[in-house]
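Have a look at the structure below, then the notes.
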Amino acid sequence: MSSTLTRLPEWRALVEHRRGTVFDLRELFASDANRFARYSIAHGELLLDYSKHYLTDETVRLLVALADARCMRDWIRRLMSGERINTTENRPVLHTALRANAPVMLDGHDVTQDVAQVRAQMRRFSEALRSGAVKGATGRPISDVVNIGIGGSDLGPALAVEALAPYAAGQPRVHFMSNIDGAHVQAVLANLDPHATLAIIASKTFTTQETLTNANSVRAWLAKAVGPRTGEHFAAVTANSQAAQAFGVGKERIFEFWDWVGGRYSLWSAVGLPIAIAVGMDEYESMCDGARGMDEHFESAPLAHNLPVLMALLGVWYGDFHGTATHAVLPYDMRLKRLPDYLQQLEMESNGKRVTRDGEIVDYSTCPVVWGAPGTNGQHAFFQMLHQGTQLVPADFIACCKPHHHLPEHHSILLANCYAQTEALMRGKTADEARVELQAQGLSSEELERLLPHKVFPGNRPTSTLLLDALTPHALGALIALYEHKVFAQSVIWGVNAFDQWGVELGKRLADRILPELAQDTRVTTHDSSTNGLINYTKSKW
Ligand code: G6Q
């Protein structure tokens, strides 16, 4: 039996539309000189060009009808008004309250007052650090800050600190330690002076194995240099203040956030402290303002002109009606090189679900594999497959009109490549065009025919282009919020809960079982033969 979603007449209409329409991008552009104007939207410092997609006005109409049938507007309201829409954890989802400029009531209490208090604490601490007023136990000013956190407590701030490096004062330097791999711990600490280093333990639960193990190792490293007063070298960002205090972090250095902030949506909370330390609190707040602008757009723009909703619907259109399995994110900006990692978590942890909110097993595709790397590097690596491989891979190209550096020639080359790629993916090269080129090279007809199939590009490969005026804190905030809301809008179409992540639990539990087995002398026989074999082989090498 088919699911609630695929039984909808709006879904069936899209199936028919797909079946009955040939989407030929070259042809669509040739027949409409205004296609760019028709299918691009400028909002603040962002422009979304979605003209290089398999769509006509009818496609947009049908996709928006599907969004309406799934009560998109109402879901946006439910999200922003603090309803407990994370039903498997019985929590509201209020990252938008972290950047709101009007009261947001939760159980009769305005949570934006709590947010303002923590913001003030972040401002005091980040300004003190940046001015050199914060000293370590031996009296040295703090020159380096290490954020110890993983997943949602790492990826957002790491993305933003890297993206906004031109706004950083340079002091203190901010580093990120996430992996339990001791090599990561050693690499981060290698060039740091413990007397001048402060670590932020960023963990909502304060129980995460990787983060606490790393924090303990950093504490031991500090203790060797500064003795027992290691507490002066720590701060914590957490929803579990008691555990942070038990670790030895002073109360005034504990920055609180709340269970209504999901990990992967938490960079707007005190998890953003490393960003404020790196670029200053004013720039951090500008980033939040940029996100708020996108919240307002998401809440108020008609669905057919609503950037996150359109991006969401395009993803549904390809994944569910054209059978695509992956989605590429290709920033043409080296400062956004962590964006694919960040979006991988945001999208795949949120919507990588196979049952609906009501527990129904879905009979359609949900989240695609999200992957990517910065251009132009990717062009010299995997773009071959995008152009001539057998899979259709919709892609987001993201670039900034103005750079922050003073090498204009570089920027022109970068952008020329970005636009050339989307044009090439759209147009391709026909056999006739390839033949003319080969003839111009004076090849024998035999050689020409031999090479011809390799020189043909099928084209008709869809892309979106997102242009930022410049990679400012404000624009970055808007960009991140755009994707957050895209993910939510897709979850509404697919009917899944975007805010839980039960899929990461099982592996954690099994690791807890294997850890003591790695220490025991006897051979392990309690698992399948592969797992036993791997454990026993490893121990034989120790
Ligand atoms: C994010 C996830 C996950 C989480 C980490 C770290 O949405 O829940 O990535 O952020 O597991 O958790 P803690 O912050 O509790 O250490």
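The values are calculated or read from the model by the stated rules, or taken from the named source; none is laboratory data. Bear in mind the structure is a predicted one, so any value in this text is a computation, not a measurement. Note: ideal-geometry Cβ built from the backbone for every residue, glycine included; neighbour counts use all protein chains shown.
Report whether or not Ala434 is surrounded by 18 or more Cβ atoms within 10 Å (Cβ to Cβ) and either under 17 Å from the mean Cα position of the chain (by Cα) or among the small types (Gly, Ala, Ser) (or both). Yes: the conditions hold for Ala434. Scanning the stretch 238-251 for residues that are free of Cβ contacts under 8 Å to residues at least 40 places away in the same chain, surrounded by 14 or more Cβ atoms within 10 Å (Cβ to Cβ) and within 15 Å of the ligand (Cβ to nearest atom) yields a total of 5. Only a single item in (1) within 25 Å of the chain's Cα centre (by Cα); (2) in contact (Cβ under 8 Å) with a residue 60 or more places away in the chain is not met by Arg78, and it is number (2).
Contact map, the stretch 218-232: first residue in a helix (DSSP H, G or I), second residue among the basic types (Lys, Arg), Cβ cut-off under 6 Å, separation 6 or more or different chains; pairs are Thr230/Arg219. Taking the conditions (1) buried (at least 24 other Cβ atoms within 10 Å of the Cβ); (2) out of contact with any strand residue (DSSP E or B) (no Cβ under 8 Å at 6 or more places or on another chain) in turn, Gln345 satisfies each one other than (1).
Within the stretch 271-320, the set of residues being more than 30 Å from Arg119 (Cα to Cα) and in contact with a Ser or Thr (Cβ under 8 Å, 6 or more places away or on another chain) comprises Met311, Leu314, Trp317, Tyr318, Gly319, Asp320.
Output yes when any residue across the stretch 226-237 is more than 16 Å from the ligand (Cβ to nearest atom), surrounded by fewer than 23 Cβ atoms within 10 Å (Cβ to Cβ) and aliphatic (A, V, I, L, M), and no when none is. Within the stretch 226-237, one or more residues are more than 16 Å from the ligand (Cβ to nearest atom), surrounded by fewer than 23 Cβ atoms within 10 Å (Cβ to Cβ) and aliphatic (A, V, I, L, M). With respect to (1) farther than 21 Å from Phe397 by Cβ; (2) in contact with an Asp or Glu (Cβ under 7 Å, 6 or more places away or on another chain); (3) part of a helix (DSSP H, G or I), the lone exception for Phe36 is condition (1).
Taking the criterion of being among the acidic types (Asp, Glu) and modelled with pLDDT of 95 or more, the residues of the stretch 101-128 that qualify are Asp110, Asp114, Glu127. Only one entry in Val316, Val329, Val309, Val355 is farther than 17 Å from Ile493 by Cβ and of a type outside the set (Asp, Glu), namely Val329.
Can you find a residue that is closer than 26 Å to Lys337 by Cβ, away from the ligand (no atom under 16 Å from the Cβ) and touching a helix residue (DSSP H, G or I) at 6+ places or on another chain (Cβ under 6 Å) anywhere in the stretch 145-161?
Restricting attention to the stretch 145-161, the residues satisfying the condition of being closer than 26 Å to Lys337 by Cβ are 145-161.
Narrowing the set further to residues that are away from the ligand (no atom under 16 Å from the Cβ) leaves 145, 161.
With touching a helix residue (DSSP H, G or I) at 6+ places or on another chain (Cβ under 6 Å) added as a condition, the list becomes 145, 161.
Yes, there is a match, as at least one residue in the stretch 145-161 is closer than 26 Å to Lys337 by Cβ, away from the ligand (no atom under 16 Å from the Cβ) and touching a helix residue (DSSP H, G or I) at 6+ places or on another chain (Cβ under 6 Å).
Being surrounded by fewer than 18 Cβ atoms within 10 Å (Cβ to Cβ), in contact with a strand residue (DSSP E or B) (Cβ under 9 Å, 6 or more places away or on another chain) and either small (Gly, Ala, Ser) or on the phi < 0 side of the Ramachandran plot (or both) holds for only one residue in Pro141, Pro157, Pro166, Pro172, and it is Pro141. Pairs linking a residue in the stretch 8-24 that is closer than 14 Å to Thr56 by Cα to a residue that is at pLDDT 95 or above and of a type in the set (S, T, N, Q), with Cβ atoms under 7 Å and 6 or more positions apart or on different chains, are His17/Thr59; Asp24/Asn460.
So that you can scan it fast, the table gives a plain yes or no per residue for (1) surrounded by fewer than 21 Cβ atoms within 10 Å (Cβ to Cβ); (2) touching a helix residue (DSSP H, G or I) at 6+ places or on another chain (Cβ under 7 Å); (3) not hydroxyl-bearing (Ser, Thr, Tyr):
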{"position": "Thr4", "(1), (2), (3)": "yes, no, no"}
{"position": "Leu8", "(1), (2), (3)": "yes, yes, yes"}
{"position": "Ala30", "(1), (2), (3)": "yes, no, yes"}
{"position": "Glu58", "(1), (2), (3)": "yes, yes, yes"}
{"position": "Ala67", "(1), (2), (3)": "no, yes, yes"}
{"position": "Asp74", "(1), (2), (3)": "yes, no, yes"}
{"position": "Leu79", "(1), (2), (3)": "no, yes, yes"}
{"position": "Arg84", "(1), (2), (3)": "yes, no, yes"}
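Looking only at residues in the stretch 487-538 that are of a type in the set (Gly, Ala, Ser) and more than 16 Å from the ligand (Cβ to nearest atom), the one that is nearest to the chain's Cα centre (by Cα) is Ala489. Looking only at the stretch 162-180, residues that are away from the ligand (no atom under 16 Å from the Cβ) and out of contact with any Asp or Glu (no Cβ under 6 Å at 6 or more places or on another chain) come to 11 in all. Residues of the stretch 196-216 that are β-branched (Val, Ile, Thr) and either more than 7 Å from the ligand (Cβ to nearest atom) or in contact with a Leu (Cβ under 7 Å, 6 or more places away or on another chain) (or both): Thr197, Ile200, Ile201, Thr213. Note on the stretch 270-288: residues that are out of contact with any His (no Cβ under 8 Å at 6 or more places or on another chain) and either of a type in the set (A, V, I, L, M) or within 16 Å of the ligand (Cβ to nearest atom) (or both) amount to 11. Reported count of residues in the stretch 156-196, each being outside any helix (DSSP H, G or I) and either closer than 19 Å to Phe234 by Cβ or at pLDDT 95 or above (or both), is 15. Only one of the numbered conditions (1) within 19 Å of Thr376 (Cβ to Cβ); (2) in contact with a Phe, Trp or Tyr (Cβ under 9 Å, 6 or more places away or on another chain); (3) buried (at least 17 other Cβ atoms within 10 Å of the Cβ) is violated by Gly477, and that is (1).
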